[in-house]
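**Student:** Sharing a structure, written as structure tokens. Questions coming.
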Amino acid sequence: MKLRLLKEFIIEKLIFLSGIASILFVILIFTFLLKEGISFFKEIGLKDFIGGKYWYPISEPERFGILPLILGSLLVTLGAIIIAVPLSIACAFYISEVVQGKAKDILKSGIEMLAAIPSVVLGFIGIVTLVPWMKKVLNLPTGLTALSGSIMLGLMAMPTIISISEDAINAVPKAYKEGALALGATRWQAMYRVVIYAALPGIIAASMLGIGRVIGETMAVMMLSGNAAVIPSTLLEPVRTLTATIAAEMGEAVHGGLHYYSLFAIGIILFVITFMINVIADIFLHRNKK
Amino acid sequence: MSKIITNNLSLWYGGFQALKKINLAFQEKRITSIIGPSGCGKSTLLRVFNRMNDLIDGVRIEGEVLIDSADILDGDFSDLVKLRKKVGMVFQRPNPFPLSVYENIIFGLKVHHLVEKSEREQIVRESLESVMLWNDLKDKLHRNALGLSLEQKQRLCIARAIAVEPDILLMDEPCSALDPQATLKIEGLMQRLKNDYTIVIVTHNMQQAARASDDAGFMLLGELIEFDRTVEMFTAPKDKRTEDYITGRYG
Ligand SMILES: Nc1ncnc2c1ncn2[C@@H]1O[C@H](COP(=O)(O)OP(=O)(O)OP(=O)(O)O)[C@@H](O)[C@H]1O
Ligand SMILES: [Mg+2]
């Protein structure tokens, strides 16, 4: 009896500790990031950092403008959104409205499994299939472009968006669909004229979460989008993203130098962006529950 | 003239027979109520007339249902859309779409490509006027319909149904979510609407059937026990079971 109480006590404390630990780690990481990054902002103003057009961290004089990187991230992400969101919504409707019974379960868990493929693997597959194909079909000097990155990121965001959107569509009261059908709408009209509006908060949240997932994504983009830190004008040029910059340059930056700290500063910017996206997604998800 | 006629109409949910050889005739431009205890098949019968049961797996229907002398049970899909234009439905729980009041009303118009865009406003106005909502909502046409009161929502659903100018209005316990006052108002509305529409109303509320309908049918366990003028049924029921039910001795 006593032993059991002791066991309960230990388990309870362990769970408590691991909970605290995870919060602690997040705080520690954030303070570390802040500490390393802040000193950089003191040196180079925030405005010059975010607004600067040139990223020449190791030339003389060095320039630390991340505008091309921000635009690169934005362009790749925007491309991914344009590719992934409509496809995912269509897919979610297909799964929830067309597929029946066992096929539905298989399809759903299959799609959720796709989310588990490591991004290096996707990047590798992209390099050997997508990149040469793009180069040939679009007749480009290189297939390593923002578009290649967007397509791969879109693919990576899709499982999240599909799965959560499908839940949202399923949660729409049947009365809406019945009402629409009773007015003579076809199943398809009921979906795109009514059901989608009822599911919209959930679908938006799903898209935000999917995008939040890919905006911080590094490997696949670094492998596929060409890594040229210049302000891009079309989707068919090589670009470099914030994440890829950190990953590619952390190894060669002199520890304690300005370059080194600038990478942490990029980290802070990224953190703020993803944090905001998650908060917005959360707001939509909660509105959906009510 | 008979608007709806059923001949030996039977319906099964899988192995369960919910309607048993129903024979009846609903008259044009009258209100017919269908009463009976819970589970006797009232909603099922109503949903045969606009073929909403098609949505449910494993439903099998036998017999004939004639609307304007055409059998609606052997129509193909395009007829189904036409059928639902002719036969509107109002549900038990008001179910306005999560769209604006305006969009709710023009939904059917869009689906059936009924009128030019420029005429829509006119129809929105007329529909809302005929359910006596126009004065309340004329300044709120572009607000979300989910913010209306329950009674307003149900009126809106009726307006939405009549915007496409159906011949028949099916109402499945349209007042059961409403308070007594709102119920009386909807009943008043039905009296006005019957000049233009053939109305079939399912109700649990015996007083409502007695008050609001011209003809009445009593159902029990999937069978139509009695069908008559409402006055007749409520003053001199022919069947013992009807009498038991309307005097409250049933169940
Ligand atoms: N989708 C379904 N699948 C199987 N059985 C059903 C289905 N819908 C209804 N039933 C059964 O058919 C019978 C008639 O149902 P129906 O809804 O028509 O009754 P009702 O008279 O409208 O009842 P209530 O007054 O409670 O609304 C009931 O016994 C019910 O359990
Ligand atoms: Mg019912």
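**Student:** Please give the helices (runs of 4 or more DSSP H) falling wholly within region A:150-228 in which 2 or more residues are within 14 Å of chain B (Cβ to nearest Cβ).
**Tutor:** A:174-182, A:187-190, A:196-215
**Student:** Working carefully through the options A:S207, A:S233, find the one that is free of Cβ contacts under 8 Å to residues at least 12 places away in the same chain and either under 30 Å from A:L147 (Cα atoms) or in contact with a Ser or Thr (Cβ under 9 Å, 6 or more places away or on another chain) (or both). Before the answer, list the steps.
**Tutor:** On the way: A:S207 fails: free of Cβ contacts under 8 Å to residues at least 12 places away in the same chain.
The unique qualifying residue is A:S233.
**Student:** Could you please tell me which pairs satisfy a Cβ distance under 7 Å, a separation of 6+ or placement on different chains, a first residue in region B:102-113 that is away from chain A (no Cβ under 11 Å), and a second residue that is surrounded by fewer than 24 Cβ atoms within 10 Å (Cβ to Cβ) and not hydrophobic (A, V, I, L, M, F, W, C)?
**Tutor:** Final answer for the pair search is B:Y102/B:H142.
**Student:** Among A:G52, A:G65, A:G72, A:G37, which is open to solvent by less than 70 Å² (accessible area, probe 1.4 Å) and outside the structural domain of A:M219 (by TED's automatic domain parsing)? Step through it out loud before you land on a result.
**Tutor:** Details: A:G52 fails: outside the structural domain of A:M219 (by TED's automatic domain parsing); A:G65 fails: outside the structural domain of A:M219 (by TED's automatic domain parsing); A:G72 fails: outside the structural domain of A:M219 (by TED's automatic domain parsing).
Result: A:G37 is the single residue among A:G52, A:G65, A:G72, A:G37 that is open to solvent by less than 70 Å² (accessible area, probe 1.4 Å) and outside the structural domain of A:M219 (by TED's automatic domain parsing).
**Student:** Hey, another quick one. Answer yes if at least one residue in region A:102-112 is of a type in the set (D, E, K, R), within 30 Å of B:V81 (Cβ to Cβ) and in contact with a strand residue (DSSP E or B) (Cβ under 9 Å, 6 or more places away or on another chain), and no otherwise. Walk me through it before giving the result.
**Tutor:** Step one: of region A:102-112, the residues of a type in the set (D, E, K, R) are A:102, A:104-105, A:108, A:112.
Add one more test, that the residue is within 30 Å of B:V81 (Cβ to Cβ), and what stays is A:104.
Next cut, in contact with a strand residue (DSSP E or B) (Cβ under 9 Å, 6 or more places away or on another chain) only: none.
Within region A:102-112 (the criterion being of a type in the set (D, E, K, R), within 30 Å of B:V81 (Cβ to Cβ) and in contact with a strand residue (DSSP E or B) (Cβ under 9 Å, 6 or more places away or on another chain)), the answer is no, since none of the residues qualifies.
**Student:** Right, next: For B:F227, indicate whether it is away from chain A (no Cβ under 14 Å), in a strand (DSSP E or B), more than 16 Å from ligand 2 (Cβ to nearest atom) and open to solvent by 30 Å² or more (accessible area, probe 1.4 Å).
**Tutor:** Working: away from chain A (no Cβ under 14 Å): yes; in a strand (DSSP E or B): yes; more than 16 Å from ligand 2 (Cβ to nearest atom): yes; open to solvent by 30 Å² or more (accessible area, probe 1.4 Å): yes.
Spelling it out, B:F227 is indeed away from chain A (no Cβ under 14 Å), in a strand (DSSP E or B), more than 16 Å from ligand 2 (Cβ to nearest atom) and open to solvent by 30 Å² or more (accessible area, probe 1.4 Å).
**Student:** When residues of region B:28-45 are filtered for being under 20 Å from B:L83 (Cα atoms), more than 8 Å from ligand 1 (Cβ to nearest atom) and either open to solvent by less than 10 Å² (accessible area, probe 1.4 Å) or assigned to a strand (DSSP E or B) (or both), how many remain?
**Tutor:** Residues that pass the stated criteria total 2.
**Student:** Still on this structure, please answer the following. Which of the residues belonging to region A:247-275 are hydrophobic (A, V, I, L, M, F, W, C), open to solvent by 30 Å² or more (accessible area, probe 1.4 Å) and under 19 Å from A:T218 (Cα atoms)? Reasoning before the result, please.
**Tutor:** Step one: of region A:247-275, the residues hydrophobic (A, V, I, L, M, F, W, C) are A:247-248, A:250, A:253-254, A:258, A:263-266, A:268-273, A:275.
This time we only want the ones that are open to solvent by 30 Å² or more (accessible area, probe 1.4 Å), so: A:247-248, A:250, A:254, A:258, A:271-273, A:275.
Listed by number, the residues that qualify are A:A247, A:A248, A:M250, A:F271, A:V272, A:I273, A:F275.
**Student:** Still on this structure: Of a type in the set (A, V, I, L, M, F, W, C) and more than 30 Å from A:P173 (Cβ to Cβ): is that true of A:V195 in this structure?
**Tutor:** On the way: of a type in the set (A, V, I, L, M, F, W, C): yes; more than 30 Å from A:P173 (Cβ to Cβ): no.
Spelling it out, it is not the case that A:V195 is of a type in the set (A, V, I, L, M, F, W, C) and more than 30 Å from A:P173 (Cβ to Cβ).
**Student:** If you go through region A:84-97 one residue at a time, do you hit one that is at pLDDT below 90 and either among the β-branched types (V, I, T) or within 30 Å of A:P238 (Cα to Cα) (or both)?
**Tutor:** no
**Student:** Go through region B:128-159 residue by residue and tally those that are farther than 21 Å from B:V81 by Cα and part of a helix (DSSP H, G or I).
**Tutor:** Restricting attention to region B:128-159, the residues satisfying the condition of being farther than 21 Å from B:V81 by Cα are B:128-156.
So of that shortlist, the ones also part of a helix (DSSP H, G or I) come out as B:128-130, B:134-137, B:145-147, B:150-156.
Result for region B:128-159: 17.
**Student:** Inside region B:46-90, can you point out the residues that are within 16 Å of ligand 2 (Cβ to nearest atom) and under 24 Å from B:F16 (Cα atoms)? Even if it seems obvious, please write down each step before you answer.
**Tutor:** Step one: list which residues in region B:46-90 are within 16 Å of ligand 2 (Cβ to nearest atom), which gives B:46-50, B:52-53, B:55-56, B:59, B:89-90.
Hits for region B:46-90 are B:L46, B:R47, B:V48, B:F49, B:N50, B:M52, B:N53, B:L55, B:I56, B:V59.
Yes or no, residue by residue, for (1) touching an Asp or Glu at 6+ places or on another chain (Cβ under 9 Å); (2) more than 14 Å from A:P86 (Cα to Cα):
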residue	(1), (2)
A:P141	no, yes
A:T145	yes, yes
A:M158	no, no
A:N170	no, yes
A:K174	no, yes
A:S207	no, no
A:A228	yes, yes
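A quick yes/no check of all residues on (1) β-branched (V, I, T); (2) open to solvent by 50 Å² or more (accessible area, probe 1.4 Å); (3) out of contact with any His (no Cβ under 9 Å at 6 or more places or on another chain):
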| site | (1), (2), (3) |
| --- | --- |
| B:F26 | no, no, yes |
| B:N53 | no, no, yes |
| B:V90 | yes, no, yes |
| B:N95 | no, no, yes |
| B:S100 | no, no, no |
| B:E103 | no, yes, no |
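**Student:** Return the residues of region B:166-186 that are modelled with pLDDT of 90 or more and either more than 16 Å from ligand 2 (Cβ to nearest atom) or farther than 23 Å from B:M52 by Cα (or both); say none if nothing qualifies.
**Tutor:** B:P166, B:D167, B:I168, B:L169
**Student:** Give just the number: which of (1) more than 14 Å from chain B (Cβ to nearest Cβ); (2) of a type in the set (A, V, I, L, M, F, W, C); (3) surrounded by 21 or more Cβ atoms within 10 Å (Cβ to Cβ); (4) within 18 Å of A:S88 (Cα to Cα) does A:M134 not satisfy?
**Tutor:** Going through (1) more than 14 Å from chain B (Cβ to nearest Cβ); (2) of a type in the set (A, V, I, L, M, F, W, C); (3) surrounded by 21 or more Cβ atoms within 10 Å (Cβ to Cβ); (4) within 18 Å of A:S88 (Cα to Cα) one by one, A:M134 breaks only (4).
**Student:** Mind checking which residues of region B:1-27 are part of a loop (DSSP other than H, G, I, E, B) and within 14 Å of ligand 1 (Cβ to nearest atom)?
**Tutor:** In the first step, residues of region B:1-27 are kept if they are part of a loop (DSSP other than H, G, I, E, B); the result is B:1, B:14-15.
Once the filter is applied, which keeps residues that are part of a loop (DSSP other than H, G, I, E, B) and within 14 Å of ligand 1 (Cβ to nearest atom), region B:1-27 yields B:G14, B:G15.
**Student:** Within region B:198-208, can you find the residues that are within 14 Å of ligand 2 (Cβ to nearest atom) and either within 17 Å of B:I5 (Cβ to Cβ) or crowded, with 21+ Cβ neighbours inside 10 Å (or both)?
**Tutor:** B:V200, B:I201, B:V202, B:T203, listed by residue number.
**Student:** Condition check: more than 15 Å from the chain's Cα centre (by Cα) and surrounded by fewer than 20 Cβ atoms within 10 Å (Cβ to Cβ). Does A:I283 satisfy that?
**Tutor:** Details: more than 15 Å from the chain's Cα centre (by Cα): yes; surrounded by fewer than 20 Cβ atoms within 10 Å (Cβ to Cβ): yes.
For A:I283, the condition - more than 15 Å from the chain's Cα centre (by Cα) and surrounded by fewer than 20 Cβ atoms within 10 Å (Cβ to Cβ) - is met.
**Student:** Does region B:130-144 include one or more residues that are under 17 Å from B:F91 (Cβ atoms), surrounded by 15 or more Cβ atoms within 10 Å (Cβ to Cβ) and not hydroxyl-bearing (S, T, Y)? Please lay out each step first, then the result.
**Tutor:** Start the filter on region B:130-144 by keeping residues that are under 17 Å from B:F91 (Cβ atoms), which leaves B:131.
So of that shortlist, the ones also surrounded by 15 or more Cβ atoms within 10 Å (Cβ to Cβ) come out as B:131.
From what's left, not hydroxyl-bearing (S, T, Y): B:131.
Looking for residues that are under 17 Å from B:F91 (Cβ atoms), surrounded by 15 or more Cβ atoms within 10 Å (Cβ to Cβ) and not hydroxyl-bearing (S, T, Y), one finds at least one in region B:130-144, hence yes.
The values are calculated or read from the model by the stated rules, or taken from the named source; none is laboratory data. Every value quoted in this text rests on a predicted model; they were computed, and no experiment measured them. Here the Cβ is made from the backbone with ideal geometry for all residues, glycine too, and neighbour counts use every protein chain on show. In case anyone asks, the SASA skips ligands and DNA or RNA and just uses the protein heavy atoms, side chains included. Shrake-Rupley method; radii C 1.70, N 1.55, O 1.52, S 1.80 Å.
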